[in-house]
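The values are calculated or read from the model by the stated rules, or taken from the named source; none is laboratory data. Please read all numbers here as calculations on a predicted model, not as lab measurements. So basically every Cβ, Gly included, is an ideal-geometry build from the backbone, and we count neighbours across all protein chains shown. Ligands, DNA and RNA are excluded from the accessible area calculation, which covers all protein heavy atoms including side chains. Shrake-Rupley method; radii C 1.70, N 1.55, O 1.52, S 1.80 Å.
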Amino acid sequence: MIDLANLEKKFTARYNTRPRIFRAPGRVNLIGEHTDYNDGFVLPAALDFATYAACALREDRRVRVATLTLDREFEFSLDDPPDADFPAWTKYVQGIALILERSGYPLKGADILIDSNVPIGSGLSSSAALEVSIGSAFAGLNGHKVVGMELAKIGQSAEHEFAGVRSGIMDQFAAVFGKAGHALFLDCRSLEYEAVPVGEAKFIICNTKVKHDLAESEYNKRRSQCEEAAAFFGRPSLRDVSPADLDTRSADLPTLLLKRARHVVTENERVVAAVKALRSGDLSAFGNLMNGSHNSLRDDFEVSCRELDIMVEIARRQPGVLGARMTGGGFGGCTINLVEAAHHKDFVDRIFSEYPAETGIEPEIYRCEIADGAEEIV
Ligand code: ADP
Ligand code: MG
């Protein structure tokens, strides 16, 4: 846990005033990978890992921001241009501020101190946690009510325009709408969602501790391939392609596009089935769907990597494991595992011994506690 009293103390020592503190969580996606930007279904949950933005309003247009996580600080003006040559991590902060102002929410400057226990660059969406906590902070300090889907969309725009990743809405959505003990079944087209209790299901997250450089370029490439495949079917997106469409026209579609489309079409079906399984408490069915998701991401969408596959294979060999899959965009990051509670300790021990033996890398392992979405800490 982040020590909030300590964060407050450090803020006061640095800026000589007392802060307000806004929190936004990281997230894990239980199932429904690479479906969000295809107008499909996802099932994320907010984590009890979160990013905290301690902050105070200034009377000018300066923003002083520091991050304890990266041990960096930076200062800029709200009037600086969007393409300024800023350090990468500050672009999220500047991006959120510029997008808020552009959306009709004038801002004053701020002093900000960030702390976080969301693992960075591991597919648990530290970027969305940063965007949403900073968005809440700027809005809150300036007396603007920017909440719900509007807040999520501002975070997503910052990700697109300032981080250069054309991500879907899932990460920011989960950071905003998270609910303790619940997964969020989101229709990324209508943006309607339902919170589904996870009940007895207990998940464990394993971090491979690798992130291959191709993650971002391949992500944007997959998006284009999905658009191309949807165009082939004459549909607005792959959400509108059925398994029957795939069967009838598979011979005419180039193999690569067929594989990409098949992942998205079958993954959407798996999410719907997984929600049904969760509701009826059928955890072994849920686990099988997780396994199917991983295999499809590995073989058809081709966004897994050696370390993710090894982590999943080790997990699947262990007693009490109902399902294991990569989670997040791929090419590294984390796996998520549905493990019967009685086997948790053995599972963790075995991953800690077998993964380094096969890869030479020490993993990190987190128990997945499902928490609430963004809020001001009082
Ligand atoms: P992920 O969202 O999977 O963790 P990303 O590559 O999308 O990985 O986002 C990570 C980037 O977000 C970091 O490299 C950094 O620029 C920024 N970031 C995230 N959390 C923080 C933080 N606590 N302090 C400063 N920058 C952060
Ligand atoms: Mg991210």
Do we have Ile120 as more than 12 Å from ligand 2 (Cβ to nearest atom) and either in contact (Cβ under 8 Å) with a residue 12 or more places away in the chain or of a type in the set (S, T, N, Q) (or both) here? no
Filter segment 68-85 down to the residues that are at pLDDT 95 or above and open to solvent by less than 40 Å² (accessible area, probe 1.4 Å) and list them by number. Phe76, Ser77, Leu78
Could you run through segment 190-236 and say how many residues are in a loop (DSSP other than H, G, I, E, B) and either under 26 Å from Ala315 (Cα atoms) or not assigned by TED's automatic domain parsing to the domain that holds Gly281 (or both)? 11
If we keep only residues of segment 154-193 that are free of Cβ contacts under 8 Å to residues at least 60 places away in the same chain and touching a Leu at 6+ places or on another chain (Cβ under 9 Å), then the residue farthest from Leu124 (Cα to Cα) is Glu192
Of the residues Arg367, Arg350, Arg317, which is open to solvent by 10 Å² or more (accessible area, probe 1.4 Å), under 17 Å from Ala45 (Cα atoms), away from ligand 2 (no atom under 16 Å from the Cβ) and among the charged types (D, E, K, R)? Arg367
Take the residues in segment 311-340 that are touching a residue at least 60 places away in the same chain (Cβ under 8 Å) and in a helix (DSSP H, G or I), then tell me which one is nearest to Pro119 (Cα to Cα). Met311
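Table: residues versus (1) in a helix (DSSP H, G or I); (2) more than 9 Å from ligand 1 (Cβ to nearest atom).
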| residue | (1), (2) |
| --- | --- |
| Trp89 | yes, no |
| Glu101 | yes, yes |
| Tyr105 | no, yes |
| Lys108 | no, yes |
| Asp111 | no, yes |
| Ser122 | no, no |
| Ala128 | yes, no |
| Ile134 | yes, yes |
